[in-house]
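A.B. asks: This is the structure I want to talk about, given as structure tokens.
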Amino acid sequence: MPWALFALTAGAFGIGVTEFVIMGLLMEVGTDLGVSLSSAGLLISGYALGVMAGAPVLTVLTGGWSRKHVLLGLMVIFTVGNVACALAPTYGTLMAARVLTSLSHGTFFGVGSVVATGLVSADRRASAIAIMFTGLTVATILGVPLGTWLGQWLGWRATFWAVALIGLVAVVVLAAFVPRDTAERKSTDWRADMRALGRRSVLLGLMTTALGYAGVFAVFTFIAPILTRLSGFSQAAVSPILLVFGGGMLVGNLVGGKLADRQLLPAILGTLAVLSLVLFGMTFVLHSQVLAVVAVGLFGAAAFATVPPLQMWVLEKARGAGQSLASSLNIGAFNLGNALGAWFGGLIIDRGPGLGAVTWVAALVPLSAILIVLLSQRLDAGDSAPYLSVPK
């Protein structure tokens, strides 16, 4: 794999840290800025909404740029946003800085996926995407715990200064290793991009991503109470167990990329089916601490094994005009799935059968994603006009 892929991985690592590290610093942020824990939690929601809004807008606005320049510009936004977070004097300015930082997220992964697939041969494209997303998994395994520890030791602002430094490093390695576009890019026609997005298969692909990850976050959002209340672990044991989850993510991500390189459709159906099976099986082993730890590792592997196939699926369906936009929107779809999953899991706990049922009910969501994939394939096979009408 070329060094440029690992430069993309460095950028993905920084973005992953800044997205998730706030979860471990909510109490420190809330106390320092004088807001409630629930208000501090909205910093996570604000970031997710910024990802969803920023991905299509920045992708369209930078459509005529060299992709290398787009990636460098996004990492500059990322770095400036984290400096603004570190300096934020009030809750409102911190929220604004978080939203600014999030604008780089969707487009970086979207354009980065297109760049990654262009760096390797056709039979290694999904693996290239998986390597870029490895930065996200390493951020979860190492970056977030270290960032949380640093914030608790030196104050939460120190964490954002450290992440800003990571952003500067990412700018340097991207500038050094990512090649310039081989052909000069012309300004893109956003109408053509929108017509490409009007492909029914693209829209169904985005829906598949959102549903697949809604099942993941219906459980992961509440993994701490699941482990403490159902499995009987202490609160202090949760972080080490989440390292097992992160290790599973790393393995699953790379395996998912290899499977997607071999046969994309079976990889999508297979990884979603395994995810559903793992979620369902967790229901019956959570009361055994040893088996619960094993299940958490398998959950991490199954969750991230779906990522390269789902990203590659949307890229394939949007081949040609609109590929970068569709890829960026698919990152937004992952974040939409995160938000939907957290809401759905809370609904199961508050108004449904309760915490013990979250895993088996969540298992139904990836199954619905499988039905969407099968429907898409059947409609594309039997329809000579797989586009939805988009005004010219």
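A.B. asks: Given q = 0.20, 0.27, 0.28 Å⁻¹, what are the Debye log10 I(q)/I(0) values for the stretch 2-78, with equal point scatterers placed on the Cα positions and solvent ignored?
C.D. replies: For the stretch 2-78, the Cα-only Debye profile gives -0.96, -1.25, -1.29.
A.B. asks: Quick one: pull the percent of accessible area on the stretch 44-131 belonging to carbon and sulfur, 1.4 Å probe, ligands and nucleic acids left out.
C.D. replies: Taking all protein chains in place, the stretch 44-131 shows 75 percent carbon and sulfur surface.
A.B. asks: Quick check: residue separation of Ala357 and Met27 times 0.36 nm, minus the Cα distance between them. What number comes out in nm?
C.D. replies: 115.9 nm
A.B. asks: Right, next: Once you've got the GNM for the chain with C-alpha springs shorter than 10 Å, pick whichever of Ser102, Ser276, Ser288 has the biggest mean-square fluctuation.
C.D. replies: Ser288
A.B. asks: Averaged per residue, what accessible surface does the chain expose to a 1.4 Å probe, in Å²?
C.D. replies: Ligands and nucleic acids excluded, the result is 42 Å² per residue.
A.B. asks: Let me ask something additional. Which value, in Å² rounded to 10, gives the accessible area of Asp123 with a 1.4 Å probe and all protein chains present?
C.D. replies: Surface open to solvent at Asp123 totals about 100 Å².
A.B. asks: Evaluate Rg over Rh across the stretch 5-155, taking Cα atoms for both radii and Kirkwood's formula for Rh.
C.D. replies: Computed over Cα atoms, the ratio is 1.00.
A.B. asks: Work out which helices of the chain, taken as complete DSSP H runs, extend at least 18 Å along their axis over the Cα atoms and score a mean Kyte-Doolittle of -1.0 or more, then list them.
C.D. replies: Span-like helices in the chain: 3-20, 37-61, 67-87, 91-118, 125-138, 156-177, 200-220, 235-262, 264-282, 289-305, 323-351, 364-382.
A.B. asks: Follow-up question, since we're still on this one. Once you put a point 7 Å from the Cα of Leu165 and another 7 Å from the Cα of His287, both along the Cβ direction, what distance in nm separates them?
C.D. replies: About 4.9 nm separates the two model spin labels.
A.B. asks: Next question. Quickly work out the Leu42-to-Trp3 label distance, labels modelled 7 Å from Cα along the C-beta direction, and quote it in nm with one decimal.
C.D. replies: With each label point 7 Å from Cα toward Cβ, the separation is 4.6 nm.
A.B. asks: Compute the FRET efficiency between Ser234 and Asp380 as 1/(1 + (r/R0)^6), taking r as their Cβ-Cβ distance and R0 = 51 Å, and round to the nearest 0.05.
C.D. replies: The calculated FRET efficiency here is 0.50.
A.B. asks: Taking amide H positions as placed 1.01 Å from N in the peptide plane, with prolines and chain starts having none, which residues 5 or more places from Arg199, or on another chain, fall under 5 Å of its amide H?
C.D. replies: The list, which skips near neighbours in sequence, is Leu388.
A.B. asks: Carbon and sulfur: what percent of the stretch 243-335's accessible surface (1.4 Å probe)?
C.D. replies: Within the stretch 243-335, the accessible surface is 74 percent carbon and sulfur.
A.B. asks: Right, next: Note down the nm distance, to one decimal, between modelled labels 7 Å out along Cα→Cβ at Ser368 and at Leu347.
C.D. replies: Distance between label points: 0.7 nm.
A.B. asks: A follow-up question, please. Could you state the number of Å between the C-alpha centres of the stretch 227-286 and the stretch 5-61?
C.D. replies: The two parts, judged by their Cα centres, are 23 Å apart.
The values are calculated or read from the model by the stated rules, or taken from the named source; none is laboratory data. None of these values were measured; they are calculated from a predicted model. Cβ: placed from backbone, ideal geometry, glycine included. Neighbour counts: every protein chain shown. Remember, those area values only see protein heavy atoms, side chains included, never the ligands or the DNA or RNA. Shrake-Rupley method; radii C 1.70, N 1.55, O 1.52, S 1.80 Å.
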